[in-house]
Amino acid sequence: MDEKFRNLYDVQQLLKRFGIFVHLGNRLWDIELMHEELRKIHDARLIDDQVFRSAALVLKREHRLEAEHPENNMFHD
């Protein structure tokens, strides 16, 4: 797999190809669960190390950005 991941949407599209849809209602939690799902498909050897590292870096960056702005992590009615 020769893929480039630039943002959270790109990682979501990768997970979607494996039937994984994540929406917990809190972006920070979504990112954390996406990382766990990414790790599972990597451990199952469905994606290679390069794809895993690239997608994981995006998730790490997005998690940091969300954590810096806790007001964005509240549930919305």
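The values are calculated or read from the model by the stated rules, or taken from the named source; none is laboratory data. Since the model is a prediction, treat every value here as computed from it, not as a measurement. FYI the Cβ positions are ideal-geometry reconstructions off the backbone, even for glycines, and counts take in every protein chain you see.
Looking only at residues in the stretch 3-24 that are assigned to a loop (DSSP other than H, G, I, E, B) and without any contact (Cβ under 8 Å) to a residue 12 or more places away in the chain, which one is surrounded by the most Cβ atoms within 10 Å (Cβ to Cβ)?
Residues of the stretch 3-24 that are assigned to a loop (DSSP other than H, G, I, E, B), as a first pass: 3-7, 18-24.
Keeping just the survivors that are without any contact (Cβ under 8 Å) to a residue 12 or more places away in the chain gives 19, 21, 23-24.
Numbers: Gly19: 6, Phe21: 9, His23: 10, Leu24: 12.
Of everything passing the filter in the stretch 3-24, Leu24 is surrounded by the most Cβ atoms within 10 Å (Cβ to Cβ).
Give the residues of the stretch 25-70 that are without any contact (Cβ under 8 Å) to a residue 24 or more places away in the chain and touching a Leu at 6+ places or on another chain (Cβ under 7 Å), sorted by residue number.
Residues satisfying the conditions are Asp30, Leu33, Glu37, Phe52, Ala56.
Would you point out the residue of the stretch 25-77, among those that are outside any helix (DSSP H, G or I) and at pLDDT below 95, that is surrounded by the most Cβ atoms within 10 Å (Cβ to Cβ)?
Asn26
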